[in-house]
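Presented below is the structure to which this report refers.
Please treat every number below as a calculation from the coordinates, not as lab data. In this text the structure is predicted, and so the values were computed from the model without any measurement. Counting neighbours? That spans all protein chains shown, and the Cβs are built from the backbone with ideal geometry, glycine included.
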Amino acid sequence: QVQLVESGGGLVQPGGSLRLSCSGSGSIGSFYRMGWFRQAPGKQRELVADITNDGRTNYHDSVKGRFTISRDNAKNTVYLQMSSLKPQDTAVYYCNRASLDLLPWGQGTQVTVSS
């Protein structure tokens, strides 16, 4: 089964940018829809962006215009470019299939937006 490893998080000031990466231990090209999720303390995990194999994207209203999801199936990697970050974007970010048939969750990558 494909294992997912997220990276690229960190501490950033409001208005800053980060680029997250999610690398699969095997091919992700067969997974039609991949997504980025996040979980803030005390809150449920939520889907913030997803992308299909033919490049169609969807975004949570709270990140539209600020986040961009992309994927490179040849590198088995999904990316999340985040800009104009806000304190409410603080969370652990995970990637996974954006479907009912989930892969095992990775460890996630912490994003903290604070001055």
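Scanning the stretch 2-58 for residues that are more than 17 Å from Thr109 (Cβ to Cβ) and in contact with a Gly (Cβ under 8 Å, 6 or more places away or on another chain) yields Val2, Asp50, Ile51, Asn53.
Tallying residues that are touching a residue at least 12 places away in the same chain (Cβ under 8 Å) and either part of a loop (DSSP other than H, G, I, E, B) or among the small types (Gly, Ala, Ser) (or both) within the stretch 4-30 yields 17.
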